[in-house]
Structures are given as structure tokens and as C-alpha cells.
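Trainee: My questions all concern the structure below.
The values are calculated or read from the model by the stated rules, or taken from the named source; none is laboratory data. None of these values were measured; they are calculated from a predicted model. Positions of Cβ are backbone-derived with ideal geometry, glycine not excepted, and every protein chain shown enters the neighbour counts.
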Number of protein chains: 2
Amino acid sequence: MEKFFNPQSVAVIGASNSPFNLAATILNLLRHNCYPGDVYAINRKGESVHGFPGYSSVLDIPGKVDLAVILLSASQVPGIVRQCGEKGIQRIIIESAGFSEAGEAGHLLQQEMESHMRTYGIRILGPNCLGTLNTQNRFCCFYGFVPEKYGEGFITPGTISYIIQSGGIGVLVLDSFSNDVCKVNKMVSIGNKSDLDEADFIEYFNQDNTEVIGMYLESIRDGIKLMKTARRVKKPILAFKVGRTEEGSHAAMSHTAGMANNDVIFDSACRQAGIIRLKSISELHSLPKIFTTMPLLRGKNIAVITNSGAFGGIAADILVEQGMKLASLAPHTQERLAKTGQLFNIKNPVDLGPAMSKQMFIDIFDILLSSNEVDGLLPIPNIWQDVVIEAILDLIEICKYYQKPAALYIPNSISKILTIRTKYQIPVFESPEEAVRALVVSNQQYHYLLKKERYHERNSFECDETKLEHALRV
Amino acid sequence: MEKFFNPQSVAVIGASNSPFNLAATILNLLRHNCYPGDVYAINRKGESVHGFPGYSSVLDIPGKVDLAVILLSASQVPGIVRQCGEKGIQRIIIESAGFSEAGEAGHLLQQEMESHMRTYGIRILGPNCLGTLNTQNRFCCFYGFVPEKYGEGFITPGTISYIIQSGGIGVLVLDSFSNDVCKVNKMVSIGNKSDLDEADFIEYFNQDNTEVIGMYLESIRDGIKLMKTARRVKKPILAFKVGRTEEGSHAAMSHTAGMANNDVIFDSACRQAGIIRLKSISELHSLPKIFTTMPLLRGKNIAVITNSGAFGGIAADILVEQGMKLASLAPHTQERLAKTGQLFNIKNPVDLGPAMSKQMFIDIFDILLSSNEVDGLLPIPNIWQDVVIEAILDLIEICKYYQKPAALYIPNSISKILTIRTKYQIPVFESPEEAVRALVVSNQQYHYLLKKERYHERNSFECDETKLEHALRV
């Protein structure tokens, strides 16, 4: 699997110098990224493209080829897959569309291609996909990615890996991370999942340097396999699945080949397998930072700290509505808070008032995080001065010390939030709802982990599995 | 009421040259904004402040004074209110805190101040508020507003007026509008509502150049008055009220003086009076643009147009979950769509595919908006080229022609959305959920309006009112 993301030699089949040739954009990006592996262009004329040597067939390439990337019209693909098999290529990414997602004729082509795959023991990613992206070595075979637009995404390698069924979502995540504290590690677009599917990549990301796994799914190919795999994984798995409604499900079917899955079953599978199901697509990039920058939330008692009286009430409403609790501070905790200075309110939500020193912030963070009544913080500070930023930078360390998380929000315009987050690299969420949601999923992951560890000891899931298997057959 | 926003003469009581004097920040802003009215500083020494003449008492000011703004410690306020009465000042803004919101002693001070108010027939805004802001003439008595930070909010006068119970929320709105197509007209911070309340300002904003009224409320003083007023207003009224939960309600009580109102009653009052209740604080600034740039949504059938296959499904899910419908396109509409070019999908969601000309966009907008099956659009175009922007600018006009709205979203990072929205002044929403929500509130307003017009004819609400009155007493 590693060679899908880190091939020592790769043949891009269909890349030529014709204008608007999509496969050539892959070579252009690899050239721009100074990819260190051997790269070949395969086209009818055997011409070199973007400086990479060209051949008219993979069979003519002198050395071993780790990976073939195919971007040709669907009808040509089965023949080319057979050629790859003859050459001994064991991994193929088929980016071309026009297979199962495109009706009966496409379905037949996909079957033909799959029979060659089985004959030669090839592992296939796709068809109808973008392939893989790896920020660690700057490998990327996403067609249409121009360095001017997406080059930035490769500059800082990260630890969040994505399994997606849409290039658009990949772009959205990469784009959004340019103003965030998280970055992408690897990304794989799985398309029609003729062979490799989401479960195979969860398995792989469980073993590499990935910290959080994100998924955008339009269909589930094998619910049982997904569940079995996810259960073994202790890294957070965040999944957004389209098709919560019949209308959404039908729309997704025309995009990638999949059957309309019963959403209720997926939901229950997520809960049983410890997959965090996302509520909106933006959570795919907004939530991972609660896992990479903060300890898990072990309980539901949250202390709100703000110098905006309004946001105390707003936060309290959201916490309770999302199933968290407003921590009830013990009298001695309130006394300790009172001693830090002129607070407007020493009950939770703690209202800081306007004048604050860095030390006062730190003292309050410390008092709250060290108290047994508090499992996590929801700080909503107005960034008046630099001291607030400095205090927040210290807060990240204090959270690690007490093994309790804080989900930050700044009650300011979104453009100011983006500026502060990017400049100081502090994990600020974009709305109070999003910050609370981060606490919710952190707590969810904590409980999943407890359950997974317990299940691991018992090594048995049979009962649930049978139920699910039955449900999926209905 | 007009003179609260447009005083020809104003006395700022408590403004001095002491360091950290808050009232002086008001004079500094008026100086910076070149406010054309007469402005006086009242302080013990009678010294002039920021170039405005100073007096030691309002009684010493030679001419008539339209408005007094008081920012002194609470204990001094009742005496000053009496002096203002003696001077014949009929409007006072009390910004000082320390009244009903601050326990028994403060409550007594508020009562004393109110008795002077009644004696002299003064109308009072506050206490514990920021006063008023008017972008049309650049009047603003919000203390703590420094020109460097908030000056921008006055540059472009707008048409959205706000009634708020928190300065922080005012700042959030002003800040957010710096990257949006809407701007503020007037803003009033009502604090403890000793005299003037939200209903009085709704009444006023119903008569001025306001297009949309936004409210942030922590308490309702007089539910019946609010309802009676709101019923007469045909401009959209958007209200966010804190205290949907008991915890949020308690937190709000410590911020501004108010009783914990029964949220269910407020909710039902909103529905009966045609007030659109907001679900998150960001909707206060994100939603007005659907009213200022687009016709109202008369039905629930929405056509989605996208060139991101993923967002077709995502949008369909959100539409259905929020109570809208995916418009079912008639065969002849689909045929007309097919003729425009190489579309990926001519069923709703319409999938444009990657290559598009401006004319193709315009044709598709026109076909959909002119068809009887479609009440409104949810376009989710990827901004590949400038032609898309040009087409969207035309779309705004096409919507006006057909009297059907479009709620736009661009499937890109929030920073790109902000850039495009600011640069081209097109009404783009920040998430697909927000765009759908805009359609929902537009349709809600349409139905309220129908109801209000009908009610207006009948001129009777008695039955509902009695019920509400009863409920409020419980």
C-alpha cells in the first residue's frame, strides 16, 4: 500500500503534449514538486512530457514500475490494465471516469478491467478517482492540480489523512488548511472502489504517521469490513457521509457508483465501530485540531471563560443543547477565582471583565483546569492585547499538563479569526457552535477508546456484527 | 426618537481628560467622524475635551441640548438626571452600569433615576448600555470605540439596523460586515431597558430607511408590546435571543437585568408576530443579505446547480433536512437544459461539469428561474474563471426579473469566499447550511407577510393575544 503514496517509479499513462491534456497536469505538478522518483509519460507518440521521458507503451519502459496512473478514455482502460499486468506492475490508479457510475456500458468495462486485475493480481485504486497525494514526499497524481493554486498545500506536511470520494472535497480541505493549524498528511480519492476501498486505507493510515483520519463518503461498499477495520483503530476517524436523505443519496449515486445505502444503518455502524459521524462538511477540516492540539475530554463538565457577557449566555445555551454541562464550580474554586482580581462573575460562565493581565488569565486557566469539577474549558476571550495571545499559547501547555482540553473561540469576525489563527498558530474555532462541537467529538472519541480497549480485551463483537449483517441484507 | 440618532446638540457627561476616561473615547470618535452637531463635555473642572467645549454642569450650557449621554458611576446618575430635567433635556442615554443588573443597591438607584425621569417627562435609553450609532451622519456614542478599529464601519452607510443588548455583539456585526455586501444603518444598545425597549426601536426602524431589523436580546421586557409592534412591521425582523436553556438564561441575567423568560413563550410569540428567530449568533450578520439582494422565496422548490458532484448530494441533504424540497424538473425543462451544452446531469441537482461559458450559466439560470417547478436557486459554482463571477452578477438581475431568489455558496475555503464576496460584492454565504438557511428564512418572511397583510385587513389578533397574555403570566 505504501507504494501508492511513495512509488519509486511511476508511469502516467495518457500524458501527452496535446493542449488540455489532463494527465500532463500530473507531470507538471510532479516536476514542480521535484518528485525524486522515476517518472514516465506514456502516450501514442512516445514523446516526453514536462521533461519526463516518454514511451508509447509501459512494456517499453526499461526498469521496474511501482505504480501506473491511467487517465485515458474508459474504453481503452481494460487493454491498458492487461498491458500493465504483462509488465508486472502491481499497483494501478485508474482516474478515468465512464465506468459503473455511467450506466450499463460503463459497468461492463469495469467488469472487463476487473477480470484483468484478478488475472495479474493487480491492486487497483479507482476508477473515477483522483488517486493519491502525499505531502511528506510531495507525490501527487491528482489531475488538474496546478502548482500555482495547490502548491502551498505541499509546503508544510501535516498529520491528518483523508479518504475521499470527491476531488472537490479534497480541494476544500487543502484550501481551508492554509488558514489553520492542521495540515494534510496524505489524501486518497477512492472513486468507484472497484478494488481498494475506505477500509483498506483506514488500515494503512492506522500504521503510518497519521494522527487523525478524515473520510468523505458517498457510498459504503462493505459495511462489515469497514466496521471490523474501524474497531481496531484507536486514532480518531471522522466521517462525513452524503445521503442522509433519499434526495441526497440519489444525487450522490450519479456522482460515484454506489447503491443508495440505508443511512440509519451507516449511523449505527459508526456508533458501533467508533467512527465519529460529522454533521457538516466543514467539520472535516475544522475538527481535527481538537485532537492534534488538545488532550481528550474525559467528562462533560465545561467551564466557560469570557470577557464578553453576551457570549457567556450564548455558550451556555450551546453547551447544554449539544449535550455538555455547564460545570458547577465548588465554593473553594469560586474563592480562588475571586482572589485573582476584579472578575465580573466567579460563577460559570466566568466573566473576566475588560481589564486583564496575562498572569490573571493563566491563574484562572490553572484554577479551573486543576479543579475536579471541570473536565474541559471553553475560553471565549476578546483579543484586546497581545497578552491574551500569550496567555492562550501558555494555555495549550497547561491543558497538556492537566490532560484536559480547551476549545477556543474569539468573538470576532471570521476574517480576524483566520488572521489570528494563522499568525499565532493557535487552535481557534470559527464559531461558538463549532468550538462546542469539538468538545463533543473529543468526548465521543474518549468513550469510543474506552470501549475499543475493553472490546479488544474481550476480543468479541459477534452479537452486534450479526445484527448489522442482518440489517445490511434487508 | 430621531434625535437619539441625530442630535443637533449633545452633552457627554463624565468626559474628562483623565487617563482611561471612557466618556472621552466618545468625543474622540465624534471628532474623528467630523460630527456636524454641537458637542459638549461635562466634567467637574469644566475643561474642554478633544477640542469640544467643556462645562461643569449641563445647566451652564448656553443653548438647547437635544441629548445627554451619561457615563459616570451609578451613584451620581440620579442627581445628574434631575439636573438634565431642569435644563429641559428630553432624551438621556445612561451608559453607566451598576443598576438593576447589579443587585439590590443598584435596583434602588435605578428606581430613583426613574422617578426623576417621570417628573421631567424624559425618555431614557439604558442604563448599562452603549447608546446609539448611526452610519448615515456618523453619530456614535458607543464608549471604547477607537477610530482605528471601528472607523471603517462608518465609511459605507447601510440599511440594516440593530437593536442589541451587548456591545460585543455590535462589534461582531460591524466587524463581520467589513467582508460582506450588507452594511449597518443604525444600531442601538438598549441595556437594562428602564424606559425605551426593543419594541420602541422596532417602531422607529419601521419608519426610517432601514431594510432589515436585527435584534440580539437577553430578556424581553414586555412581550405583548413587542408582539403588537412586530405585527405591524413588514420589514424582516431577525431576532437572536439568548436563554434557550435554563443555563443560558441564568448566564444572561448576570449580564443585563432581566428575568429568566420562558423561552418557549418567546418562541411562540415570534411565530405569531412574524419575527424570524435565529439559531446562531452569526445569522445576525449572515442572513440579512438574502433580503437586501434577493426577492422573497414564495415556495419551497429549490433547484441546485453545481459543478462539484459532491456538493449536489450535500446540498440535497441539507435542503430536505431544513424543510425545503428538491424541485422536480419537468421533462421539457430537462430538455431545455440538455440543449445548453454538455451537462453532467440535467436532473436536479444540475451538475454542470467542468467546462462552462458565461452564456451557458446564464441560459441555465434563465431556464430554471423561468420554470414553474422552481421557486428558488441554490447555485454552488466553483469559481474557476472570471466568467463565473460575471454570470453571477447577471444572476442577481435575472432573479429580480423573475422575482425568485438565489442563495449562493462557493465550495471553497472561507478565506476565498470572503475575498470573492468583498471584491465583487456578490451575496455569497459561508457554508451550504447557511445558504439553505437563508432560503428558509426568506420563505418564512414571505409567509409572515401574507399573514400580516391578511391580519391587517381583519385588524384582529385578539384570540392569540389573550392566549399569550395568559401564558406570560404563568
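Trainee: Of the residues A:Ile275, A:Ile305, A:Ile314, which is at the interface with chain B (Cβ under 8 Å from one of its Cβ atoms), in contact (Cβ under 8 Å) with a residue 40 or more places away in the chain and buried (at least 24 other Cβ atoms within 10 Å of the Cβ)?
Mentor: Going through A:Ile275, A:Ile305, A:Ile314 in turn, the sole match is A:Ile314.
Trainee: If you don't mind, another one. Of the residues in segment B:75-84, how many are in contact with a strand residue (DSSP E or B) (Cβ under 9 Å, 6 or more places away or on another chain) and either without any contact (Cβ under 8 Å) to a residue 24 or more places away in the chain or over 21 Å from B:Glu47 (Cα atoms) (or both)?
Mentor: Residues meeting the conditions: 1.
Trainee: Here is a further query. Please work out if A:Ala199 is part of a helix (DSSP H, G or I), without any contact (Cβ under 8 Å) to a residue 40 or more places away in the chain and away from chain B (no Cβ under 14 Å).
Mentor: yes
Trainee: Can you tell which of A:Pro62, A:Pro19, A:Pro36, A:Pro7 is buried (at least 24 other Cβ atoms within 10 Å of the Cβ) and part of a loop (DSSP other than H, G, I, E, B)?
Mentor: None of the other options fit; the residue is A:Pro7.
Trainee: Looking at this structure, is B:Val173 under 30 Å from B:Ile420 (Cβ atoms) and among the aliphatic types (A, V, I, L, M)?
Mentor: Spelling it out, B:Val173 is indeed under 30 Å from B:Ile420 (Cβ atoms) and among the aliphatic types (A, V, I, L, M).
Trainee: Follow-up. Go through segment B:54-94 and report how many residues are small (Gly, Ala, Ser) and within 23 Å of B:Met1 (Cβ to Cβ).
Mentor: 4
Trainee: Being within 35 Å of the chain's Cα centre (by Cα) and more than 21 Å from A:Gly167 (Cβ to Cβ) is the filter here, so list the residues in segment B:329-360 that pass it.
Mentor: B:Asn348, B:Lys358
Trainee: Then there is this: Quick one: which residue in B:Gly144, B:Gly191 is in contact (Cβ under 8 Å) with a residue 60 or more places away in the chain, of a type outside the set (Phe, Trp, Tyr), surrounded by fewer than 22 Cβ atoms within 10 Å (Cβ to Cβ) and within 14 Å of another protein chain (Cβ to nearest Cβ)?
Mentor: The unique qualifying residue is B:Gly144.
Trainee: For A:Lys339, state whether it is more than 11 Å from chain B (Cβ to nearest Cβ) and not hydrophobic (A, V, I, L, M, F, W, C).
Mentor: yes
Trainee: Can you tell which of A:Gly170, A:Gly144, A:Gly131 is at pLDDT below 95, of a type in the set (Gly, Ala, Ser) and over 22 Å from A:Pro236 (Cα atoms)?
Mentor: Sole residue among the options that is at pLDDT below 95, of a type in the set (Gly, Ala, Ser) and over 22 Å from A:Pro236 (Cα atoms): A:Gly144.
Trainee: Go through (1) under 28 Å from B:Asn412 (Cβ atoms); (2) free of Cβ contacts under 8 Å to residues at least 24 places away in the same chain; (3) touching a strand residue (DSSP E or B) at 6+ places or on another chain (Cβ under 9 Å); (4) not hydrophobic (A, V, I, L, M, F, W, C) one by one and return the number of the condition A:Ser249 breaks.
Mentor: Only one criterion is unmet by A:Ser249, namely (3).
Trainee: Which residue, of B:Leu297, B:Leu319, is within 11 Å of another protein chain (Cβ to nearest Cβ), within 29 Å of the chain's Cα centre (by Cα) and within 16 Å of B:Ala435 (Cβ to Cβ)?
Mentor: B:Leu319
Table: residues versus (1) of a type in the set (Gly, Ala, Ser); (2) more than 10 Å from every other protein chain (Cβ to nearest Cβ); (3) in a loop (DSSP other than H, G, I, E, B).
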{"position": "B:Ile389", "(1), (2), (3)": "no, yes, no"}
{"position": "B:Leu393", "(1), (2), (3)": "no, yes, no"}
{"position": "B:Ile396", "(1), (2), (3)": "no, yes, no"}
{"position": "B:Lys400", "(1), (2), (3)": "no, yes, no"}
{"position": "B:Ser415", "(1), (2), (3)": "yes, no, no"}
{"position": "B:Thr422", "(1), (2), (3)": "no, no, no"}
{"position": "B:Ala435", "(1), (2), (3)": "yes, yes, no"}
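Trainee: Could you list, in sequence order, all residues of segment B:147-167 that are surrounded by 21 or more Cβ atoms within 10 Å (Cβ to Cβ), within 21 Å of A:Thr306 (Cα to Cα) and at pLDDT below 95?
Mentor: Those that are surrounded by 21 or more Cβ atoms within 10 Å (Cβ to Cβ), within 21 Å of A:Thr306 (Cα to Cα) and at pLDDT below 95: B:Gln165, B:Ser166, B:Gly167.
Trainee: What is the number of the single condition among (1) of a type outside the set (Gly, Ala, Ser); (2) within 29 Å of the chain's Cα centre (by Cα); (3) in a loop (DSSP other than H, G, I, E, B) that B:Lys45 does not meet?
Mentor: Going through the list (1) of a type outside the set (Gly, Ala, Ser); (2) within 29 Å of the chain's Cα centre (by Cα); (3) in a loop (DSSP other than H, G, I, E, B), B:Lys45 breaks only (2).
Let's see how each residue does on (1) without any contact (Cβ under 8 Å) to a residue 24 or more places away in the chain; (2) more than 8 Å from chain A (Cβ to nearest Cβ):
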| site | (1), (2) |
| --- | --- |
| B:Leu326 | no, no |
| B:Gln359 | yes, yes |
| B:Ile362 | no, yes |
| B:Leu377 | no, yes |
| B:Ile383 | no, yes |
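Trainee: Looking only at segment B:168-186, count how many residues are of a type outside the set (D, E, K, R), within 14 Å of chain A (Cβ to nearest Cβ) and within 13 Å of the chain's Cα centre (by Cα).
Mentor: The number of residues fulfilling the criteria is 10.
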